[in-house]
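A short write-up of the structure that comes next.
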Amino acid sequence: MLSTIARISLAFLPTPLHELPRLTGLLQSPTLVIKRDDQTGLALGGNKTRKLEYLLGDALSQHCDTIVTAGAKQSNHCRQTSAAAARLGLRCELLLQGDKPNTPEGNLLLDLLFGAVVHWKDDKNTPQSLDELADTVRLHGYNPYIIPYGGSNALGALGYINAMLELADQQKNLLRPITHIIVPSCSGATQVGLVIGARLTGFTGKIIGISVDYDITNKEYYQKLHVDLAYATCAKIGVNMAFTCDDFTICYDYAQGYGMVHDSERNAIQLMAQYEGILLDPVYTGRAFGALLNMINKNIFAPTDTILFWHTGGTPALFPYADSLMTTI
Ligand SMILES: *Cc1c(COP(=O)(O)O)cnc(C)c1O
């Protein structure tokens with residue numbers, strides 16, 4: 001049972017669910033609503049906070065004193081993990097992609113402010129994997145807890161089962177039921193949690209993940225990862241469900257490179273900012289909202305649909321991406 005799993009409260013929940021009236025009017029689109037997981041509250045918010053409630057609950061019950069995790073230079077996951085560790089009085093060591101930049105910007109600045117120890121993958125003297133990093137942490141006399149990339153394992157996915165229970169409650173206040181959920185997809189636990197939560201709550205809408213990666217050639221492998229993670233997640237809570245690849249609708253049409261900003265993302269970010277006063281991010285939500293705009297343009301929705309855009313956070317990365325978001329002042 002979900003309620004028996006160790007969990008630490010880190011997020012301000014429930015996050016708001018509200019309409020996007022000016023955008024709906026501008027686009028002459030079906031009703032658009034937004035779920036504000038950019039407002040989870042921890043360290044400028046984001047979807048990793050929900051996962052961390054379970055992951056860090058587990059770390060504490062195992063009496064670990066150092067959280068070890070990894071990500072991109074502008075990892076939102078690493079930023080929220082550093083903050084959560086600080087809040088719980090734990091140490092945090094990060095393995096970040098690439099080499100050390102001259103100035104710490106965006107999420108990296110925040111990692112450092114939260115006191116995380118940062119290792120650079122391109123530094124050949126540094127551990128090259130999470131397991132190696134954990135070994136070094138042990139050598140220094142600490143007890144590490146490893147969180148995988150993006151916090152995506154069975155415990156992390158529980159956070160999004162919970163989010164779906166939360167949505168089921170909020171949905172009652174809408175005029176019409178939600179027919180579609182659009183959510184950015186990367187390491188997978190967000191979508192897996194949503195899909196399991198949808199089954200548990202009898203949610204009948206379609207959940208569409210927008211892949212933010214490269215144009216993935218091995219889609220079957222990627223789909224299968226979701227199936228495996230879904231089984232592992234259900235095992236954690238003693239729920240019996242069957243999954244196939246078809247249970248995870250992931251759209252790869254917009255996977256034009258991780259962190260690459262094109263006209264689609266730029267336009268999506270500006271539109272959301274200028275019509276609703278809401279910030280998206282360049283890597284995940286800008287990509288996914290750009291995809292949604294394109295789908296609306298292609299008329300794939302019915303006028304009576306209600307589309308929920310799940311804002312997963314990431315806004316601190318706007319600043320290091322300034323040059324690709326605005327070419328003139
Ligand atoms: C990590 C992240 C995602 C993707 O979530 P996954 O569970 O890894 O698929 C989406 N949006 C933002 C802002 C993120 O930081």
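Before moving on, here are some points about what is shown:
- On the basis of the beta-carbon distance and an R0 of 30 Å, A232 and Q128 show a calculated FRET efficiency of 0.70.
- Along each principal axis, Cα extent of the stretch 133-233, largest first, Å: 58, 34, 21
- Among the listed pairs K35/K298; K51/K121; K73/K219; K73/K206; K51/K172; K206/K298, those beyond 28 Å (Cα-Cα): K73/K206
- Principal-axis analysis of the Cα atoms of the chain puts helix 76-88 at an angle of about 60° to the longest axis.
- In this structure, C245 and A86 have a Cβ-Cβ separation that, at R0 = 45 Å, corresponds to a calculated FRET efficiency of about 0.70.
- A run of the chain free of exposed loop cleavage sites, with trypsin sites (Lys or Arg not before Pro) counted only in DSSP states other than H, G, I, E and B and at most 14 other beta carbons within 10 Å, reaches its longest extent at 173-297.
- For the stretch 256-329, chymotrypsin sites (Phe, Trp or Tyr not before Pro) meeting the loop criterion (DSSP other than H, G, I, E, B) and having at most 11 other Cβ atoms within 10 Å: none.
- 14 Å beta-carbon shell around H140, net charge (K/R +1, D/E -1): -2
- Take the Kirkwood radius over Cα pairs of the chain, plug it into Stokes-Einstein at 10 °C and 1.306 mPa s, and you get 79 µm²/s for translational diffusion.
- Taking the longest Cα principal axis of the chain as reference, the axis of helix 285-297 is set at about 20 degrees.
- Distance from the Cα centroid of the stretch 86-133 to that of the stretch 146-167 is 22 Å (rounded to whole angstrom).
- The stretch 186-223 versus the stretch 6-60: alpha-carbon centroid distance in Å: 17
- In degrees, nearest ten, helix 48-61 long axis to first principal axis of the chain (Cα): 30
- Rg then Dmax, both in Å and based on the Cα atoms of the stretch 99-140: 11.6, 31.
- Structure remark: mean-square fluctuation, Gaussian network model of the chain, C-alpha springs under 10 Å; the largest value among T249, T201, T304 belongs to T304.
Laboratory data are not the source of any read-out in this text; all were calculated from the coordinates shown. Everything numeric in this text was worked out from a predicted model, so none of it was measured. Note: ideal-geometry Cβ built from the backbone for every residue, glycine included; neighbour counts use all protein chains shown.
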